[in-house]
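Read-outs throughout are calculated quantities, based only on the coordinates presented, and are distinct from any laboratory measurement. Keep in mind it's a predicted model, so treat the numbers as computed, not measured. A quick note on method: Cβ atoms are made from the backbone with ideal geometry, for glycine too, and the neighbour counts reach across all protein chains shown.
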Amino acid sequence: MKLYTYFRSTAAYRVRIALNLKGLQADYRYVHLVKDGGQQHQPDYRKVNPQGLVPALEDKGQVLTQSLAIIEYLEEVHPNPPLLPKDSPGRARVRALAQIVACDIHPLNNLRVLKYLEKELATDDAAREQWYHHWVVEGFTALENLLASNPATGEFCHGNTPSLADICLVPQVFNAKRFSVDLSAYPTIQRINSRCLALKAFSDAAPEKQADAQ
């Protein structure tokens, strides 16, 4: 199994956490998203993932892309420990919490969007920071409410074991801190993030622990 990853990629961070939680080993292949004009744009990597994004996972002769699809694949092929609840409403809730991050916050704030704002729309640093903060605050405000108001929330986003929702939450909190977003309005998010990072599977996946960290 090979994982194409970059230490600061929140999407790759999710897959690293999932692999760790399931006790799976992967051969990490590092794709630097900034060096050499972005190694994800080079022809050799485009053969792996024509979209030019990380992560990508090679397993049993197949190349899988998109972090949520990769994690769901791992869940199906290696079901224990489970990353989704057994009940249908619980699974829907966990997927919804995960998608708030992976579909509504992260895509608006990832590297290629910020580069487009800078290069094509000529926005300055302050404007890009305002853009970044706006979408994190909008998403986290809703997420905090959904977590704090629902009795299904436990030590983690759903119950007392980590799930797909936590896998998505922790990298987004890391990025929010990196971009100096004030998280004081989100005590439930902060509590769950701290609980997750106390687990080796999460802490070992952190950007600063990766071999390509700078």
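Key figures
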| read-out | value |
| --- | --- |
| Under the span-like rule (Cα at least 30 Å along the axis, Kyte-Doolittle mean at least -0.5), DSSP H helices of the chain | 125-148 |
| Count of lysine pairs in the chain with Cα separation under 16 Å (8 or more residues apart, or interchain) | 6 |
| Stretchable slack from GLU118 to ASP36, in nm (0.36 nm times residue separation minus alpha-carbon distance) | 27.7 nm |
| The chain: Rg to Rh, with Rh as the Kirkwood radius over Cα pairs | 0.96 |
| Antiparallel bridge percentage (DSSP; both residues within the stretch 2-81; nearest 5) | 65 |
| The stretch 117-197: relative contact order in percent, alpha carbon pairs under 8 Å with at least 6 residues between | 33 |
| Cα-centre dipole for the stretch 10-137 with unit charges at Cβ (Lys and Arg positive, Asp and Glu negative), debye to 20 | 240 |
| Most mobile of LEU143, LEU169, LEU197 in a GNM of the chain (Cα contacts under 10 Å) | LEU197 |
| q = 0.17, 0.22, 0.24 Å⁻¹, the stretch 1-101: log10 I(q)/I(0) [Debye, one scatterer per Cα] | -0.77, -1.16, -1.30 |
| Per residue Cα convex hull volume in Å³ - calculated over the stretch 88-201 | 100 |
| Helix-only CD estimate at 222 nm, as mean residue ellipticity for the chain, using -39500 (n - 2.57) per DSSP H run (n ≥ 4) | -15000 deg cm²/dmol |
| Given charges at beta-carbon only (K, R positive; D, E negative), |dipole| of the chain in Debye | 380 |
| The chain, relative contact order in percent, only Cα pairs under 8 angstrom and at least six apart counted | 25 |
| The stretch 58-145: trypsin sites (Lys or Arg not before Pro) falling in loop per DSSP and having at most 11 other Cβ within 10 Å | LYS60, LYS86 |
| Efficiency of FRET from Cβ geometry, VAL77 and GLU208, R₀ 30 Å, rounded to 0.05 | 0.55 |
| Relative contact order for the stretch 2-81, counting Cα pairs under 8 Å that sit 6 or more residues apart, in percent | 35 |
| Förster radius 22 Å - calculated FRET efficiency between LEU197 and LEU24, Cβ distance, rounded to 0.05 | 0.65 |
| Antiparallel bridge percentage (DSSP; both residues within the chain; nearest 5) | 60 |
